[in-house]
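J.: Here you go, one structure.
Rule-based calculations on the coordinates, nothing more; no lab input. These figures come from a predicted structure and were not determined experimentally. Neighbour counts run over all protein chains shown; Cβ positions are idealised from the backbone, glycine included.
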Amino acid sequence: MGCIGALIFIAVSIGLTMKVREYLKARDAIRTPARIESLKIFNHKGRSPTTSMVASYSYQWEGRQFTSKHLGIFVERWDLRLLMMNAFEKGGTVDAWVDPSDPSYSVIDREWQWSEFIAFVGLQIFGVWMAFYCFSIARYGPKPLKKKRHFGKPLLRLP
């Protein structure tokens, strides 16, 4: 079970590593106005109801027109949803952050999310620990269970 857990945490860690890479890529991006082309908000019902948003926007970079659906690097924030709804209803623009080395890549929200970073670091540490644990089991085998030893006289004697 430990090895399966290690593989799951390694996969999650790889996904979070890619998020950090995207953040570093967007950090050097340049702001440009973008027009919201479409916006759909979905309400998910269940034990903890949530909403999600799917949007597309267009922007110009060095005379070329681009379209993107990439809203944010981390989880979608409620204030981003309000910003997008207001811009879409009024026909206004929002700021898109365009990577000058790859203008087809842009994001609306490039803010750092500390909760995701803490999860990233915690899962990295746990994933590495689980990997070492699995490799030690594979190399040395599982530890045998120790027999319980009672020291002194038992407190209760059964007939």
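J.: If you wrap segment 30-109's Cα atoms in a convex hull and average its projection over all directions, what's the area in nm²?
T.: 5.4
J.: Let me have the relative contact order for segment 30-109, percent, based on Cα pairs under 8 Å that are six or more residues apart.
T.: 36
J.: Here's something else I'd like to know. So how do 114, 129 line up by other beta-carbon neighbours within 10 Å, fewest first?
T.: Listed from fewest to most nearby Cβ atoms, that is 114, 129.
J.: Considering only C-alpha atoms, what is the centroid distance from segment 118-135 to segment 23-66, in Å?
T.: Each part reduced to its Cα centre gives a spacing of 32 Å.
J.: Turning to a different aspect of this structure: Using 1/(1 + (r/R0)^6) with R0 = 35 angstrom and r between the beta carbons of residue 20 and residue 47, what's the FRET efficiency to the nearest 0.05?
T.: Result of the calculation: an efficiency of 0.70.
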